[in-house]
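Shown next, in structure tokens, is the structure this report addresses.
The values are calculated or read from the model by the stated rules, or taken from the named source; none is laboratory data. Remember, predicted model here, so these are calculated numbers, not experimental data. Here Cβ is always computed from backbone atoms with ideal geometry, including for glycine, and neighbour counts include all displayed protein chains.
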Amino acid sequence: MSETETILKNAILLEKRGKAFYQKVADQAQSDVVKEFFQFMADEEVIHVKMLNTQFKQYKSRKGFSRMDFKPADHGGIATSVLTKDLKKEIAAADFEAAAIGAAISMEKHAIELYSSRAAATADLQEKKLYQWLADWEQEHLNALVAIDKELKEKIWNDNNFWPS
């Protein structure tokens with residue numbers, strides 16, 4: 001198996017694990033707004049799996065990546081459209097979902113690292129576009145998660161008087 005096939009398989013596995021993780025958190029969330037956020041994240045991972053599966057099949061049959069129009073992910077800005085005050089409040093009130101944010105940050109960082117390194121390493125223009133597109137999309141996810149995490153930390157610090165006087 002070539003390095004390209006190995007990277008594609010690892011990327012598909014990474015995205016499937018991300019989807020399963022986000023789906024599990026969405027399924028267990030008590031709040032509708034929290035459930036909606038994690039379902040959104042799970043749905044995003046499904047898009048990535050489909051794209052990677054398409055490219056894997058193409059690569060297996062033709063030893064090359066198909067030309068695709070990798071438009072920037074149009075989230076409408078996750079941070080502004082999904083990160084409402086209600087979401088932050090509901091996650092802050094639920095320890096499980098707050099812990100899930102930390103795990104998700106780690107997952108997204110790993111994905112960005114994998115995709116960015118492969119985009120930099122390959123000479124194949126279409127493969128480079130694919131992995132850069134995925135890295136950019138995962139960066140949007142990471143930005144949203146970090147914003148939530150920052151709000152949670154500040155709330156905890158305020159609630160426990162951790163700020164210097």
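Quick notes on this one:
- Against the numbered list (1) in contact with a Ser or Thr (Cβ under 9 Å, 6 or more places away or on another chain); (2) part of a helix (DSSP H, G or I); (3) buried (at least 16 other Cβ atoms within 10 Å of the Cβ), Phe65 comes up short only at (2).
- Residues (at pLDDT below 60 and either among the charged types (D, E, K, R) or more than 21 Å from Ile47 (Cβ to Cβ) (or both)) located in the stretch 74-118: Asp74, Ala93, Ala94
To keep it simple, each residue is scored yes or no on (1) touching a residue at least 60 places away in the same chain (Cβ under 8 Å); (2) out of contact with any Pro (no Cβ under 7 Å at 6 or more places or on another chain); (3) surrounded by 16 or more Cβ atoms within 10 Å (Cβ to Cβ).
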| position | (1), (2), (3) |
| --- | --- |
| Arg17 | yes, yes, no |
| Phe21 | yes, yes, yes |
| Ala42 | no, yes, yes |
| Thr54 | no, yes, no |
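- Test result for Met41, at pLDDT below 95 and over 11 Å from the mean Cα position of the chain (by Cα): no
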